[in-house]
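What follows is a single structure, written as structure tokens, with notes after it.
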Amino acid sequence: MRLSTTSLAPTAVSRKSSAATLKSRSSTASRFSSANVVIPEETPSSALRVQVCNIFSDAQRTTAGHRKRGGEEFDEDQFNYEVGRATIRLMAVKKTESAGDKVVRFIGLFLSHANEKDNELVTEQEEDEGFPETPSSRLTSYILSLVLPFLASKEKTVRFRSTQLISHIINSLDSIDDDLFQQLRFGLLKRIRDKESMVRVQAVLGLGRLAGNELEGDPNGDDSDDEDAGDLLEKLRDVLQNDQSADVRRSLLLNLPRSPVTLPYLLERARDVDPATRRSLYSRLLPALGDFRHLSLSMREKLLRWGLRDRDENVRKAAAKLFRERWIEDCVTAQAVSQEDPQKGNDAAAAAEAHSRSFEGLKELLERIDIVNSGTENGVAQEAMRCFWEGRADYREEVVFDDLFWDDLTAESAFIARSFNDFCRQQGDAKFENLVEEKMPEVTKLAFFLQKFINKLLSGLRRAAEQEVDAEEDDDTAELEFIVEQLLHIAQTLDYTDEVGRRKMYALLREMLAVPELPEEVTRLIVEGLRGVCGGDPAGEREFCGVVLEAVAEVHDTITGDDVVEEDDPDESFHSAKSELSEDVPKASKKSRSRGPEEVDEESDEEKAMKEILVNMKCLHIAQCMLENVEGNLQQNIHLVTMLNNLVVPAVRSHEAPVRERGLTCLGLCCLLDKTLAEENLTLFLHCFNKGHDALQASAIQIISDILTVHGPSMFSSPTCQVEEKVLYKTFSKALKADDKIEVQAAACEAACKLMLGLVVKDEELLKTLVIAYFDPGTVENLGLRQGLSYFLPVYCHSRAENQVRMQRIAVAAIHSLILLHDNLDEEEEMVSPVTIASHLADWTDPRKVVGAKDVEALVDDAGRKEASKAVDGTVHLDLARDVLEKIASNISREERKVFCNMLGKLYISKHSSVDKIRTVYELASQAVEYYAQMDLIGRRQTKLLSDAPSRNALNRLHVALGKIMESLGEVEEEEEEEEEEEEEEIGDAATAAALGRASAEPKSDSLLDELLDDEEVVEGEGEGGLEDGGDDDDEVSF
């Protein structure tokens, strides 16, 4: 933007003379605005104008000297006029011109600086009277009033620059006149509905500053326009949630006032569809909020989970940086303030205190995200701490796990140790391996610590069973359980080459496994740890199974009354915390210690039955954990056979539903280890699906899926299998159609997708059912099914060409079924359009998107030219086009024909497909086009094939494309025929030359009879050939 003393219009926009008259300026402005914009009258040039124009010209080149620019003293009205004159010339500068942005920043900086200088001269009395009127405030009001009408301009550039300037001035000033405030508010509110996103961005920048006054009270609603009525914050919240432009939402996210009213709306942008907006929340908004502890516990956990599990890598990095730098700093600073000592010691003591504060702050950070609940297997704390250890090398080097640390474990400190151990061992780097070996205790020491906290946990659980605890002690028990779980996780990663430590850990885990009071999660971790201690070879697996079954037998013996303790046993009167675990008494023993034989005999049958159920459930849970950790053959392991016959089979036959369901799960795990057992019991699992409740049906579906994955479809050909393959697939289809059973439907969908991706199941009807379920409005609330199919369908089709062939075969039938479903929708139901469905299927069957497919692989021939050696075979889409054309020619509705014709335009037709199929599809397309032309000529439009132009155009394009391919193929065939004819001629010439050579080499015959006979044979041969070729009799030779 180049300014002169007489004209400040940008040369890039206007080519008019600098001596343009006022009339020409008015006409130009009238084209810019639909409102009555008042343009200041042009006055003769003056020294002030020269200086103002020079200042504006310098300001648009660079922003470095904006604060140094100024001028001499002039008349105020004349100065305001010249500045306003230069400001108006800014309105036509396009957004792409950086000079416009520099001038806007200059004007805002100048007005801010001028207001600051004037406010320093304002007396206290003038401040008390209200908004003081100063030269700078009058200049500000003059410029804003001058630019305000341009907000309604028809030109988007003028609306953008005027909105940008007003918003920048608003954000540059501390106060503004009340009357002008309402005018600006009214004008900017109009622009938040502008059709141009760049205008809306600038409007929300200004309104975000004005919205701060809405928190103190309702604005004065003198304006009669509906847009001015209502709450400004409410309108901005609506824009924040619903504006289609990500730039608008992001600008409002960073400029909306932060208060308890607006904070929930700001934080929900963590789920925005735009990655840049989500990243701005984690990198700019949340750090600017201050101490994160002001957020609620649920909101902290949600923000961490959403950020660390975001699909965009930059968002994940921003969330991780927020956690390991900002949040930890808040906690460490709070620890420093709370422990501040006015009498500081020496430097060593201060360093030790700072180190302590750092890790106390880390513990507080974990406490603030509720580590007991978020530190579970699927919790977000594990991901957060992995990012923490990855980015904070100082904490990695300074962390110390000494005996004092392990003696006073809390939930937070235990998770710190577990997360550090997992991080170092998962890196696969020798440096981290050495670091964790240096800081973590050896196996024997960890076993003693584990024993100590398990004893504490058992004491708490037994007190809870006797109903002698309050809520606080219950929380302590939950914390102890969490600590034991973290120690068991650490134990699974240790090196058991030390035989002394291995035996200590082996004995500890063996004893603990037989304690029925332990929670199921702790029991599962004990079994997994015991599996690692026993070793991974077959001998270790057999030892592992034997030890686990011994523990199961001990737990099961509590049913038979072995838990009754003799009254005269003095050893049971006291239990030390340091006693061996083998001396610990089960819960039932301690409860029966104070009761005599008569009281035990009077125990009710219901209590005995409940106790038996609980013990059986515990035994089955241990067996289930064991089966999940073995891989050998069932029949070759006597321990597994014994467990199957004595525990699992009786549980499956039990009349108690919980025992029967867990027994069924164990039986399914046994079937994975033996194919014959799976074939024999497949009928049982189908029966459970057909007759069971929802949870049992979902479990049966998962078991069947696992069996098929492990043993494959070959098991159906076995004589021991009484289930037909088609029957099983119909079971999956039945489950997928159960819209009222969301869990069963989702489980069936997941199982079917896994089987089809692994090529275990290749049934086309099941694939069709999955496609229909994906678009069926009845599954709209089943998010698990929809999400699974949104991943499965494109991956299944684009992973293998044979999968696309299956999808092509069911595509037309699936679309037809979905169109019928769409036509019969209820008023409250919603469904994607059939055209969208057809587009999805065309994309899934696109042969160019198959993994490994390339449009052209270029090779270099002998002449140095690149030639296409391979192209994508479009047979799949060619077959789909054939099916679609046949469907169009059938008796279907007009709307359905439109859908299929629209689909024809999205198919990939390649000349590298089969020639016969190309010819077949071309004939079908020709018949369709010819039929339409005939119907159009005779005027029978009510029965013609296609009734709308887009459908006819799609069909014609397909017909033309196929025609070109046929022409090219025809030319190739002609060239091949010509080459064959030339080869035949060359062969014939060579044979004639050879015959002549032989004739010249042979001796001449002296017999006249021989010559006559030879001539006769030749004549007869020529006569026969001439008759066969339809020759004329006049061409015959006579003698």
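The values are calculated or read from the model by the stated rules, or taken from the named source; none is laboratory data. If you're wondering where the values come from, they're calculated on a predicted model, not measured in any experiment. Please note: Cβ atoms are built from the backbone with ideal geometry, for glycine as well, and neighbour counts cover all protein chains shown. Note: accessible area is taken over every heavy atom of the protein model, side chains too, but ligands, DNA and RNA are not part of it. Shrake-Rupley method; radii C 1.70, N 1.55, O 1.52, S 1.80 Å.
When nucleic acids and ligands are ignored and a 1.4 Å probe is applied, LYS768 ends up with an accessible area of around 40 Å². Sorted largest first by accessible area at a 1.4 angstrom probe radius, with every protein chain in place, the residues SER153, SER839, SER714 fall in the order SER714, SER839, SER153. Seen from every direction in turn and averaged, the convex hull around the alpha carbons of the range 388-436 projects onto 3.4 nm².
Which of the three applies to the range 727-848, rounded, prolate or oblate, going by the alpha-carbon gyration tensor with a ≥ b ≥ c and a/c under 1.5 meaning rounded? It comes out oblate by the Cα gyration axes.
Rounded to the nearest whole Hz, the Karplus-based 3J(HN,Hα) values (6.51 cos²θ - 1.76 cosθ + 1.60, θ = phi - 60°) of the range 275-280 follow the sequence x, 5, 5, 5, 5, 5, with x at glycine and proline.
As a calculated quantity, the FRET efficiency between VAL727 and SER890 at R0 = 25 Å, using C-beta atoms, amounts to about 0.20.
With θ taken as phi - 60° and the Karplus curve 6.51 cos²θ - 1.76 cosθ + 1.60 applied, the whole-hertz 3J(HN,Hα) list for the range 379-393 is x, 7, 5, 5, 5, 5, 6, 4, 5, 5, 5, 5, x, 10, 5 Hz, x standing for glycine and proline. Extension gain, LEU969 to ASP247: 0.36 nm times the residue separation minus the Cα-Cα distance gives 254.7 nm.
For VAL83, the solvent-accessible surface with a 1.4 Å probe is about 10 Å², rounded to the nearest 10. Once the Cβ-Cβ distance of ASP101 and SER259 is raised to the sixth power relative to R0 = 30 Å, the FRET efficiency obtained is 0.50.
Legend: distances between Cα atoms for LYS154/LYS190; LYS195/LYS235; LYS608/LYS691; LYS691/LYS734; pairs beyond 22 Å are LYS608/LYS691. How much of the accessible area of the range 393-529, in percent, comes from carbon and sulfur atoms when a 1.4 Å probe is used? Reported share for carbon and sulfur atoms: 46 percent. These residues, THR62, THR558, go from largest to smallest accessible area, 1.4 Å probe, as THR62, THR558.
Close amide-amide hydrogen proximity is noted between VAL761 and MET756, each under 5 Å apart and 5 or more residues distant or on a separate chain (H modeled in the peptide plane; Pro and chain starts excluded). Once the Cα-Cα distance is subtracted from the 0.36 nm per residue extended length, the ASP605 to ASP498 segment shows a gain of 33.5 nm. Computed over protein heavy atoms with a 1.4 Å probe, the accessible surface of the range 679-829 works out to 46 Å² per residue.
Loop-located trypsin sites (Lys or Arg not before Pro) in the range 604-679 (DSSP state other than H, G, I, E, B) with a sparse environment of at most 11 neighbouring Cβ atoms within 10 Å: ARG653.
Across the accessible surface of the range 770-817, with the other protein chains kept in place and a 1.4 Å probe, carbon and sulfur atoms take up 53 percent. Annotation: per residue accessible area for the range 380-475 equals 46 Å², rounded to a whole number [probe 1.4 Å, protein chains only]. Taking all protein chains as shown and a probe of 1.4 angstrom, THR642 keeps an accessible surface of around 60 Å². Using θ = phi - 60° in the Karplus curve 6.51 cos²θ - 1.76 cosθ + 1.60, the 3J(HN,Hα) couplings for the range 653-666 round to 8, 5, 8, 8, 4, x, 5, 5, 5, 5, x, 5, 4, 5 Hz; x is entered for Gly and Pro. Stretching the chain fully between GLN787 and LEU825 yields a gain of 11.4 nm (0.36 nm per residue, less the alpha carbon separation). The calculated FRET efficiency for the pair VAL780 and SER45, based on their C-beta separation and a Förster distance of 45 Å, comes to about 0.05. The candidates VAL50, VAL500, arranged from most to least accessible area with a 1.4 Å probe in the full protein assembly, appear as VAL500, VAL50.
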